[in-house]
1. Based solely on its DSSP helices, what 222 nm [θ] is calculated for the chain when runs of n ≥ 4 H residues each add -39,500 (n - 2.57) and the sum is averaged over all residues, nearest 500 deg cm²/dmol?
2. Measure up LYS77/LYS228; LYS50/LYS228; LYS90/LYS195; LYS50/LYS90; LYS50/LYS142 against 24 Å on the Cα-Cα distance and list the ones that go over.
3. Against the longest alpha carbon principal axis of the chain, how many degrees, from 0 to 90 and to the nearest 10, is the axis of helix 180-196 turned?
4. Between region 144-202 and region 67-116, how many Å separate their Cα centres?
5. Tell me the angle of helix 106-116 to the major Cα principal axis of the chain, expressed in degrees between 0 and 90 and rounded to the nearest ten.
6. Long-range amide H contacts for MET6: which residues qualify at under 5 Å (H placed 1.01 Å from N, peptide plane, sequence gap of 5 or more or a different chain)?
7. Indicate, rounded to the nearest 5 percent, the antiparallel portion of the DSSP beta bridges found entirely in the chain.
8. With a 10 Å cut-off between alpha carbons and a GNM built on the chain, which of ARG36, ARG69, ARG121 moves the most?
Amino acid sequence: MSETEMIVELRGVTRTYQLGKEKLPVLRGVDWEIRRGEWACLLGASGSGKTTLLNLIGALERPDSGTIRIAGIDVSKLSRSAAAQFRNRKLGFVFQAYHLLPELSVLENVMLPGNLAGFSRSKSRARALELLETVGLAERMKHRPFELSGGEQQRAAIARALLNEPELLLADEPTGNLDSHTGEAILELFQELRKLHPERSIMMITHNREISKLADRTGELIDGVMKKETE
Ligand SMILES: Nc1ncnc2c1ncn2[C@@H]1O[C@H](COP(=O)(O)OP(=O)(O)OP(=O)(O)O)[C@@H](O)[C@H]1O
Ligand SMILES: [Mg+2]
């Protein structure tokens, strides 16, 4: 297996938080891999380190030891600005709490990553309109986030995460705050996106085992290590 076939390769990843004099070892040597084009689900109890691992994969934090290769790049060695550029070019983030900017319209929110990546305004706008169509929000594009339902906010956040055509979409409990019907609509959206772009990969955190059954690969964080369930 050549390296480039793997979108995520984790070897011996450790991360310990220091709380005063207390040491809290959260990740104790995580090994995992995700192939390009796969939908991977990450399970684990609350506090097991799922968001910590997602932050490490997204180069938002650094591990204490171990290697993290994303799309063939050793992200733990990147400088702060190189990490920002890497995120902008390769990754899309969907956070549990949406993180939409309240003062901007839905359309402007979705256009944001394009502005950061230096796309022209017309290119960002055209991509954003196309994505809002895909996620079924074209009619809400002038609304502000507080004028949307939870499911609509999550769909806007997904559209925003896709603006830069990320090779890897990182989603932290994207259905966690939604009722089951709206959650199902979001999952259907993810499945449609996979059909449109089979070469792209998704890593999704979830507490829900039923959701993880849809995935190509599942891992569960238990006591700081990855228990691989399915492949
Ligand atoms: N910046 C920090 N400083 C100290 N401890 C932290 C920090 N961030 C997280 N932790 C601790 O690390 C552990 C793992 O946190 P993390 O957010 O990764 O869990 P999680 O698996 O995402 O949980 P949840 O399902 O509740 O979101 C928790 O016990 C948390 O208290
Ligand atoms: Mg979390």
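The values are calculated or read from the model by the stated rules, or taken from the named source; none is laboratory data. Source: prediction; values computed, not measured. Here the Cβ is made from the backbone with ideal geometry for all residues, glycine too, and neighbour counts use every protein chain on show. In case anyone asks, the SASA skips ligands and DNA or RNA and just uses the protein heavy atoms, side chains included. Shrake-Rupley method; radii C 1.70, N 1.55, O 1.52, S 1.80 Å.
1. Helix-only estimate at 222 nm: -10500 deg cm²/dmol.
2. Details: LYS77/LYS228 26 Å; LYS50/LYS228 14 Å; LYS90/LYS195 19 Å; LYS50/LYS90 20 Å; LYS50/LYS142 34 Å.
Listed pairs above 24 Å: LYS77/LYS228; LYS50/LYS142.
3. That works out to roughly 90 degrees.
4. Result: 15 Å between the Cα centres.
5. Once rounded, one gets 60 degrees.
6. The answer is ARG36.
7. Numbers: 23 of 41 bridges.
Rounded to the nearest five, the antiparallel share is 55 percent.
8. Comparing ARG36, ARG69, ARG121 in the GNM, the peak value goes to ARG121.
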